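Engineer: One structure, pasted below without further comment.
The values are calculated or read from the model by the stated rules, or taken from the named source; none is laboratory data. As the structure is a computational prediction, the values presented were derived from the model and not from experiment. When we count neighbours, we look across all protein chains shown, and the Cβ atoms used for this are built from the backbone with ideal geometry, even at glycine. These area figures cover heavy atoms from the full protein model, side chains too; ligands, DNA and RNA do not enter into them. Shrake-Rupley method; radii C 1.70, N 1.55, O 1.52, S 1.80 Å.
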Amino acid sequence: MTLIYQNAAAAAQPGTHVLAIGVGRYPHLLGGAGETADRPLGLRQLESPPVSLKAVLDWFLRPSVVAGAVGFRNPSAPLASVEALVSNDNPFALEALPEIPAIDAATRNNIQEAFEAWLARLKSHPDHIGVFYFCGHGFMVANHSLLAEDFGHSNAQPWAHAFDMTNTIRALEREVSGSVFFFIDSCRGIAREVALTLGADPHALLVADLNKGVSRKSATAIYATGEGELAFAPKGGEVSRFTSALVCALSGYCGVRKPGAAAWTVDGEGLAMAVRLLLEFEARARASHRQVSDQTVQGSPVPLLQLAATPKVKVWLDLLPPERRALYELYLKSFTGARFAQSLLNQVFEVDVPRGFYEVGAQDPQGTLPAVAHLQEDLFPPVYVLTLEA
Amino acid sequence: MPIVFMHGVNNRDDEAYRENEAARNGFLREIVAPALSLTPDALCIVSPYWGKYGVEFAWGLAVLPDPEDAVERFGADPESVARARVAGLLAESGTSGELLTNARQDFARSVEVLYATAMAGAQSEAEARDLAKSYVRSAQYAAQNPKPPWLATATAGNFVDQLNYAADASGEESFGAGGILNALKEALSRAANALPADASELAVRLWRKRLNATVARFAGDAFVYLKERGTQDTPGPIVKEVLEGLRAARAMHEAGDDQLIVIAHSFGGEIIYDIATTFDPDLSIDCLITVGSQVGLFEEMKLYVASRKDLPPEPPKGHLPRPASVKRWLNVFDTNDVLSYRVAPVVREVDDFYYDTGFSTFSAHGGYFMRPSFYTRVAARLREPSGT
C-alpha cells in the first residue's frame, strides 16, 4: 500500500496532502542485486533515502499521533493524507505510526500510480496544499530527472524508469488551484551519456497542457543542490544533509508573523532561505563537497505551516583569541529580558534562542579584561554566527 | 615548498602548452605534493616560460622538404587536439583503443591508459586534480585486484562505472555520479574513437610529418640558448627569465620550510645545470629532478659555460662533482626516448632511474608527463632517502 495516513474528517476543507518517496535500493545499479545495467551512469546503492524519508514522514505524522509534538501544524490546511513509497532492503518502520503495513516499492509504475492518486486528492479542493518529497538518485540534462527503483531494468530503454521532474512541476502548476511544495533531495549532475543519447529523455509523471494557464496559487521547489552539482549524505544510513536542513527548518527555525497576527507562518520563501542557510551553516567547517540548495518560489505566499511558538535561532558564538575563551563569559541578552550565557569555558557557545533583538557580547566576570559588546543584534532564524574579538 | 617546473625546447605558449601545464600541475599537486609532506593546495608551482625567447624561423621553416609539415592540425577544437594526442599514445604504445578487452589481459596497464587518455582532455587544473585523485585509487585497486570478478561480465558501457565504484573510497554518499565519471567515459570514448581501423598508420604518419619541424625547433631553441645565454654578469634573456622564476620560488619559502624542488624537462635540465654551475651557484636547490634531459651529453661535449676540457682529469674514469647548490639530483630517462641520457656516469651523486613511458622512439620524449604513473614513481622516489 502507499496511502499510510488519511484524515477523512478533513476531506471537505482545505488540507495538506503529502507524497513522499525514498529510493535506496536500485537493483540494476552498481552493487545492486539484479543484473547491472549496461549504462548505470556511475550510480550505486544508497543508504540514506529510506532513513531520510522516515525523518520526513515522522515529522509530518507525529503531531497527529502525539498532540503538541514537534512536526507539521497548519490549522488552515491540516494534514489530510500521506502517501509514501520506499525502496529499501531493510524493513521500513515509522516512529509516529508503528503499525503501518508494508509500504510499496518506489518503482516507476508505483510512483506513477501514487502520483496520480495524490494529484486527484490535490485537485479536489481549490485551497489544498500539496507536498512532494523525493530522496534518491537524480541527474540533469536539459531537465532534472529522478530515478525509480527499477532504473536500468532495460538496456534497450536505459533511462525509461526515471521521470522528468522539471516538466512534472510545469504540468502540475496547470492542473491544481492550491499550492504545491516540492522538496527534491537528489543530485543534479549533468549526465553526458544521457545528453548524447537520442530518444533517451525520461517522461514526466504528467503531461503539461500548454493550452492551460498556470493555475496554482504558489509553487515552491527547493532542491538539495544546484544545477550540475551533487547532493550528499553521511555514509552509514543517516539522514541526508538536505533533509536534515529541511526538517530542522520546518521544526521551528523559520517563520514570520503578519502584523497583528498571533501565529508565525512559514511560506515557501522563508523555508527556502532557512534551508539554504542551514546547509551553509552545516558546511562551514567543510573543505570539500559543498552543497548549496537551489530554489524557485513562485506565486503568492501561502503558508505551509502555522506555528504558535516564536521561531528559534541557532547561535554560534566564538571568541578570539582562543586563549581568552576560558577567561570570559559569552552572553546574549534579549530586549525582553531573557539572558543566555556561557562562562569560563574554552569552547564555542552554541545555544538556541527565540528570534529577536539581543545584546551580544563577552565580559570578564572579574572585571579586569576589556568587555566586548554588540548592542542591537537582530537574531533572525535560522542561524546567527559571530566571532567576537577580545 | 615550491616546485619549479622548467620546460624544455620546442614549447610555445599555445593551447596545448597550457593544457599540458594544467594537467601536469593537477597531478603534481595530488600525487607529488603528499610525498613532500604538503597538502595539495599548499604546493606552490612556478613555471617560468622561456619559450618566447626561443628560435624564430625567418622564412617560417620554408626550408623543410614539405613546408606544410611545419603545421599539423587535427582541428581547432580542444577535443580534436585531445583525440590526436590519444591516437599517438595508443598507436605508439602498442595499445588498442578497446580498453575493456585490454583490461582483461592487463588490468593495471589498461587503467593507466584510461587515465592517460582522460588526462589528454583535461581542460583545467581542477579537472586534472580530480583525475589524479581518482587515478591513485584506481591504480591501487588494479594493483591489488589484477583480475576482479566483475571484469569478466563488464560491458563497454559500464566498465568505467564499475571500476570507479570498486575503487571508490568516498566518505560520503552522493545521490548521483560525479563529474569524474563523465571525464573517464569521455576518455573511453576517445580511446575507442581515436583509432579507427587505419588510424595506427595515420598516427605514425602524423608524427613523422611533425618530426622534421620538431627537430628543427628543438635544435633551434638549443642553438639560440647557447648563442645568447650570456655571462654571469650579463645573463641572456632565457637565463634571466628562468632565474627570476627560481628566485621568486625561493622567496616563497616559509620559515622552517624552505625546500625548493626543481623539475626540469629535456633542455630545461641543461639550463638549470648552467645556472647551478655558473649563473647563480649560490641558489640552493633541495632536489633537482631532470626528466628526459641531455645534461650528461652536453657535459660530455663540454658545452656548458663552466665546462673544462681538463675536468675530469682521466675521463671516463673520473666524475664531476654534483653542483654544491644541488642537494639531491634524480635523473629520469626512458631507453625509448632517444633524447634522454643518463647523468650518473658523468656527475657524482646523481640517481639515474628508468621510467618506461610506453611510447616509442621520438614521442617518448614528451610522454613522461602524460603518464599518470610517472607522478607516482616520482613521488615514491621523493619519499625514499637520498642515495637509495
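Engineer: So is A:Y384 outside any loop (DSSP other than H, G, I, E, B), open to solvent by less than 30 Å² (accessible area, probe 1.4 Å) and out of contact with any Gly (no Cβ under 8 Å at 6 or more places or on another chain) or not?
Structural biologist: Here the answer is yes, as A:Y384 does meet what is asked.
Each row is one residue, and each column tells you yes or no for (1) at positive phi; (2) modelled with pLDDT under 95.
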{"site": "A:T168", "(1), (2)": "no, no"}
{"site": "A:A171", "(1), (2)": "no, no"}
{"site": "A:D185", "(1), (2)": "no, no"}
{"site": "A:E193", "(1), (2)": "no, yes"}
{"site": "A:L196", "(1), (2)": "no, yes"}
{"site": "A:G199", "(1), (2)": "yes, yes"}
{"site": "A:L206", "(1), (2)": "no, no"}
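Engineer: Checking the structure you have, find out if any residue of the range A:164-176 is within 14 Å of chain B (Cβ to nearest Cβ), open to solvent by less than 10 Å² (accessible area, probe 1.4 Å) and of a type outside the set (D, E, K, R).
Structural biologist: yes
Engineer: Is it fair to say A:L210 is part of a loop (DSSP other than H, G, I, E, B), farther than 18 Å from A:L122 by Cα and open to solvent by 20 Å² or more (accessible area, probe 1.4 Å)?
Structural biologist: yes
Engineer: Sort out which residues of the range A:48-86 are modelled with pLDDT of 95 or more and farther than 22 Å from A:A8 by Cα, and write them in order of number.
Structural biologist: Those that are modelled with pLDDT of 95 or more and farther than 22 Å from A:A8 by Cα: A:S48, A:P49, A:P50, A:V51, A:S52, A:L53, A:K54, A:A55, A:V86.
Engineer: Out of the residues in the range A:87-119 that are at pLDDT below 95 and of a type in the set (G, A, S), which is farthest from A:L29 (Cα to Cα)?
Structural biologist: Step by step, filter the range A:87-119, then rank; the result is A:A96.
Engineer: For B:A91, indicate whether it is outside any helix (DSSP H, G or I), farther than 23 Å from A:R39 by Cβ, hydrophobic (A, V, I, L, M, F, W, C) and modelled with pLDDT under 90.
Structural biologist: Taking the combined requirement at face value, the residue does not satisfy it.
Engineer: Are any residues in the range A:259-296 loosely packed, with under 15 Cβ neighbours inside 10 Å, hydrophobic (A, V, I, L, M, F, W, C), in contact (Cβ under 8 Å) with a residue 40 or more places away in the chain and over 14 Å from A:T225 (Cα atoms), and if so, which ones?
Structural biologist: Within the range A:259-296, just A:A262 meets the criteria.
Engineer: Here is a further query. Is one or more of the residues making up the range A:226-242 over 28 Å from A:E116 (Cβ atoms), in contact (Cβ under 8 Å) with a residue 12 or more places away in the chain and more than 14 Å from chain B (Cβ to nearest Cβ)?
Structural biologist: Within the range A:226-242, none of the residues are over 28 Å from A:E116 (Cβ atoms), in contact (Cβ under 8 Å) with a residue 12 or more places away in the chain and more than 14 Å from chain B (Cβ to nearest Cβ).
Engineer: Within the range A:297-310, work out how many residues are open to solvent by 60 Å² or more (accessible area, probe 1.4 Å), under 30 Å from A:T166 (Cα atoms) and not in a strand (DSSP E or B).
Structural biologist: Of the residues in the range A:297-310, 2 are open to solvent by 60 Å² or more (accessible area, probe 1.4 Å), under 30 Å from A:T166 (Cα atoms) and not in a strand (DSSP E or B).
Engineer: A follow-up question, please. Of all the residues that make up the range A:161-214, how many are of a type in the set (F, W, Y) and closer than 10 Å to A:L146 by Cβ?
Structural biologist: 1
Engineer: Here's another thing I want to ask about it. Restricting the range B:147-187 to residues that are under 14 Å from A:P40 (Cβ atoms), more than 7 Å from chain A (Cβ to nearest Cβ) and not in a helix (DSSP H, G or I), which is modelled with the lowest pLDDT?
Structural biologist: Top of the filtered list is B:D168.
Engineer: Moving on. Kindly provide the set of residues from the range A:1-39 that are within 14 Å of chain B (Cβ to nearest Cβ), open to solvent by less than 10 Å² (accessible area, probe 1.4 Å) and assigned to a loop (DSSP other than H, G, I, E, B), ordered by number.
Structural biologist: Matches in the range A:1-39: A:G24, A:Y26, A:L29, A:A37.
Engineer: Which of the residues that make up the range A:43-64 are under 19 Å from the mean Cα position of the chain (by Cα) and either among the hydroxyl-bearing types (S, T, Y) or more than 14 Å from chain B (Cβ to nearest Cβ) (or both)?
Structural biologist: Once the filter is applied, which keeps residues that are under 19 Å from the mean Cα position of the chain (by Cα) and either among the hydroxyl-bearing types (S, T, Y) or more than 14 Å from chain B (Cβ to nearest Cβ) (or both), the range A:43-64 yields A:S48, A:S52, A:K54, A:A55, A:V56, A:L57, A:D58, A:W59, A:F60, A:L61, A:R62, A:P63.
Engineer: For the range A:125-144, which residues satisfy the criterion of being out of contact with any Pro (no Cβ under 9 Å at 6 or more places or on another chain) and either touching a residue at least 60 places away in the same chain (Cβ under 8 Å) or open to solvent by less than 10 Å² (accessible area, probe 1.4 Å) (or both)?
Structural biologist: A:G130, A:V131, A:F132, A:Y133, A:G138, A:F139, A:M140, A:V141, A:H144
Engineer: Quick one: count up the residues across the range A:42-58 that are under 11 Å from A:G31 (Cβ atoms) and in contact with a helix residue (DSSP H, G or I) (Cβ under 9 Å, 6 or more places away or on another chain).
Structural biologist: Total satisfying the criteria: 2.
Engineer: Which residues, taken from the range B:370-383, are open to solvent by 30 Å² or more (accessible area, probe 1.4 Å), within 13 Å of B:A132 (Cα to Cα) and modelled with pLDDT of 85 or more?
Structural biologist: B:T376
Engineer: What about A:A204, is it away from chain B (no Cβ under 14 Å) and part of a strand (DSSP E or B)?
Structural biologist: No.
Engineer: Under 6 Å between Cβ atoms, which residue pairs at least 6 apart in sequence (or on different chains) link something in the range B:28-50 that is without any contact (Cβ under 8 Å) to a residue 24 or more places away in the chain and more than 22 Å from B:V242 (Cα to Cα) with a partner that is hydrophobic (A, V, I, L, M, F, W, C) and surrounded by fewer than 19 Cβ atoms within 10 Å (Cβ to Cβ)?
Structural biologist: Close Cβ pairs (under 6 Å, with a partner that is hydrophobic (A, V, I, L, M, F, W, C) and surrounded by fewer than 19 Cβ atoms within 10 Å (Cβ to Cβ)) do not exist here.
Yes/no matrix, rows are residues, columns are (1) among the aromatic types (F, W, Y); (2) within 14 Å of chain B (Cβ to nearest Cβ); (3) touching a strand residue (DSSP E or B) at 6+ places or on another chain (Cβ under 8 Å); (4) buried (at least 22 other Cβ atoms within 10 Å of the Cβ):
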| site | (1), (2), (3), (4) |
| --- | --- |
| A:L41 | no, yes, yes, yes |
| A:V66 | no, no, no, no |
| A:P75 | no, no, yes, no |
| A:P78 | no, no, yes, no |
| A:A84 | no, no, yes, yes |
| A:P91 | no, no, no, no |
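Engineer: If you don't mind, another one. Might you let me know whether the range A:154-162 holds any residue that is surrounded by fewer than 17 Cβ atoms within 10 Å (Cβ to Cβ), within 14 Å of chain B (Cβ to nearest Cβ), closer than 24 Å to A:A33 by Cα and within 23 Å of the chain's Cα centre (by Cα)?
Structural biologist: no
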